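One structure below.
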Amino acid sequence: MSSPSALFPSGHDESASLTVTALRESPRAPGRYLVTLSDGRALAVGVAALSDTGATCIGARLAPEAVARLVREAAISTLVCSAVGLLARGRKTRRELELRLKRKESDVTLVRIALERLEAAGVLSDTEVARAEASSRLRRGVAPARVRQTLRSKGITGRDADAAVADAMQDDGFDELAACRAAAGKRMRAFAALEPAVARRRLIGFLQRRGFGGSTMRTVITELLNSRGDP
């Protein structure tokens with residue numbers, strides 16, 4: 001999507017007043033209205049923008065400042081709709097949405113405003129995303145350390161990532177040692193035919209990639225290898 005300045009046709013006199021030539025509800029975006037201007041542009045904006053700019057009826061004359069406001073609001077509204085579409089397909093943090101929207105809009109201020117409106121409406125919440133992601137990943141047997149790392153990579157602050165993981169562990173009764181045992185036991189079956197040293201090395205790598213480490217990992221590996229009778 002182009003920035004607002006790019007929405008002006010080449011050679012257009014931005015200092016000239018324009019007239020509303022058509023006004024109807026947008027068929028693609030409920031709650032938005034398509035305002036067609038005398039220079040041919042059609043801008044989809046909300047009711048508030050119509051009221052604030054005076055673009056409330058066909059024939060209304062708009063000052064350059066009002067036109068600029070409509071162009072700006074149309075760009076923000078498009079970004080909001082794009083973000084909602086992305087959220088409908090899966091959880092996204094503010095940073096993830098920001099990166100996607102910047103591919104469509106070069107004006108970072110407009111992107112920021114769109115994201116702030118989503119947050120104000122309760123549609124976008126990093127706290128809720130962090131909690132849901134933490135719970136989902138822990139249930140899949142990923143270690144808390146790896147979950148925290150993943151959340152931070154998505155733009156969640158370290159403090160919020162720690163809180164989300166702690167809450168998920170408490171709510172789900174997560175036991176790191178038990179989770180490590182389950183993951184290692186399942187993986188160890190694939191290493192049954194390997195030499196003990198090779199099996200140990202591969203199991204260590206597997207558990208480390210899932211975020212397990214320290215005494216938890218050592219305890220589980222020792223238990224598994226001893227159960228096989230390996231030295």
* Asked: SER106 versus THR19, label points 7 Å from Cα toward the beta carbon: distance in nm?
  -> 3.4
* Let me know the volume per residue of the alpha-carbon convex hull for the range 138-201, in Å³. => 95
* Structure fact -> Amide H contacts under 5 Å for ASP39, restricted to residues at least 5 apart in sequence or on another chain and with H modeled in the peptide plane, are THR19
* Where does helix 108-120 land angle-wise versus the long Cα axis of the chain, in degrees 0 to 90, nearest 10? -> 70
* Structure fact -> Relative to the chain, whose Cα atoms define the longest principal axis, helix 126-139 and its Cα axis are tilted in degrees, nearest 10, by 30
* Asked: In the chain, if every C-alpha pair distance is counted and binned at 10 Å from zero, what percent goes to each bin?
  -> 7, 24, 20, 15, 12, 10, 7, 4, 1
* Asked: If you line up the long axis of helix 144-153 against the longest principal axis of the chain, both from Cα atoms, how many degrees apart are they, to the nearest 10?
  -> 20
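Would you mind calculating the gained length between THR216 and ALA192 on full extension (0.36 nm times residue separation, minus the Cα-Cα distance), in nm to one decimal?
Additional length available on full extension: 6.5 nm.
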* What percentage of all Cα-Cα pairs in the range 51-138 are separated by more than 21 Å? -> 42
* To do: Inverting the mean 1/r over all pairs of different Cα atoms, compute the Kirkwood radius of the range 4-120 and quote it in Å.
  => 14.9
* Asked: Cα convex hull of the range 176-227: mean projected area in nm², to one decimal?
  -> 3.1
* Structure fact -> The summed charge of the VAL47 Cβ neighbourhood (under 15 Å; Lys/Arg +1, Asp/Glu -1) stands at +1
* Structure fact -> Of all lysine pairs in the chain that are eight or more residues apart or on different chains, those with Cα atoms under 19 Å apart total 4
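Any read-out appearing in this document is the output of simple, stated calculations on the displayed coordinates, not a laboratory observation. Predicted, not measured: the structure shown is a model, and the values here were computed from it. Here the Cβ is made from the backbone with ideal geometry for all residues, glycine too, and neighbour counts use every protein chain on show.
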